[in-house]
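Below is one structure, written out as structure tokens; the observations come after it.
The values are calculated or read from the model by the stated rules, or taken from the named source; none is laboratory data. Since the structure is predicted, the reported quantities are computational estimates derived from the model, not experimental observations. Every residue, glycine among them, receives a Cβ derived from its backbone with ideal geometry; neighbour counts consider all protein chains shown. Only protein heavy atoms, including side chains, enter the accessible area calculation; ligands, DNA and RNA are left aside. Shrake-Rupley method; radii C 1.70, N 1.55, O 1.52, S 1.80 Å.
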Amino acid sequence: MIKFESITLFVKMCTVTALLTSSAAYSLGFSQTYTQAYLQAYAQASSKDSKQAPAQNIPQNSIYQLNNTWLDQDGHERLLSSFSGKKQIVSLIYTHCAHTCPTIVSTMQAIENKLSNEEKNNVGFILVSLTPDTDTPTVLQSFAQSRKLSAHNWSLLTGSADDVRSLAAALNIKYQNIGNSEVEHSNIMTVLDQQGRIKFQKTGVISNATFTAKELANF
């Protein structure tokens, strides 16, 4: 989690997010301008803490510039950059969601099932919890088992509320806590290339599974 040592920088990041999310850049279609602006603000803020400085060997427009530490379903600490080398499909969900989230996960599973064995070796699936206070590694592990998510291809992550907020902002994803541990959120899947750069985004519905699987083979 970033520890903002400068109130000015924190306000700047909030301002960047507010301006861009209220503009035409905030849409289902991926906006290079939005993500680049957010990551630049993030880098400036985090540069005050060398331990949290974004990685230098990662493209500036890569989500892996977010250098927060997460816990996966096995309780292991993970940096987002540890997922480099494979294409990744990322979605923000929470395990006790009874509406949108099950559809997102089913869609990602449908994409996985449409991939060849060779393609499966080059594609990962990442689920990030929107309710990190309740989605502990143990809960994530139980969820993965109940949904039959392969440990080889699937990573479920939990982090601090600030970590989630940073990632959601960089991915241009809206969400809002509405009480009783429920969250309203965008049902977006984000496809990343091997270096963590956003290639495209699609809504997490079954009808988009075939398109997404085919597009994964095109880069």
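Restricting attention to the alpha-carbon atoms of the stretch 87-219, what are Rg (one decimal) and Dmax (integer), both in Å?
14.0, 43
Describe numerically, in nm with one decimal, the distance between label points set 7 Å from Cα along Cα→Cβ at Phe211 and at Asp133.
Going by the 7 Å Cα→Cβ label model, 3.7 nm.
Carbon and sulfur atoms: what percent of the 1.4 Å accessible area of the stretch 88-219 do they account for?
46 percent
Among Met189, Pro137, Ala209, flag the residue with its Cα farthest along the positive direction of the charge dipole of the stretch 129-219, charges on Cβ as +1 for Lys/Arg and -1 for Asp/Glu.
Most positive-ward Cα: Ala209.
What is the local net charge at Gln176, summed over the other residues whose Cβ is closer than 12 Å to its Cβ (Lys, Arg +1; Asp, Glu -1)?
Computed value for this residue: 0.
In Å², and per residue, what accessible area does the stretch 66-173 have when probed at 1.4 Å with the other protein chains present?
Normalised by residue count, the accessible surface of the stretch 66-173 is 40 Å².
Taking a quarter of the surface of the Cα convex hull of the stretch 101-171, what do you get in nm²?
5.1 nm²
Say each of Asp74 and Leu115 gets a label point 7 Å from the Cα, pointing the same way as Cα to Cβ; how far apart are those two points in nm?
Roughly 1.7 nm, to one decimal.
Which whole-angstrom value gives the distance between the alpha carbon centres of the stretch 74-106 and the stretch 122-182?
With the stretch 74-106 and the stretch 122-182 each reduced to a Cα centre, they are spaced 5 Å.
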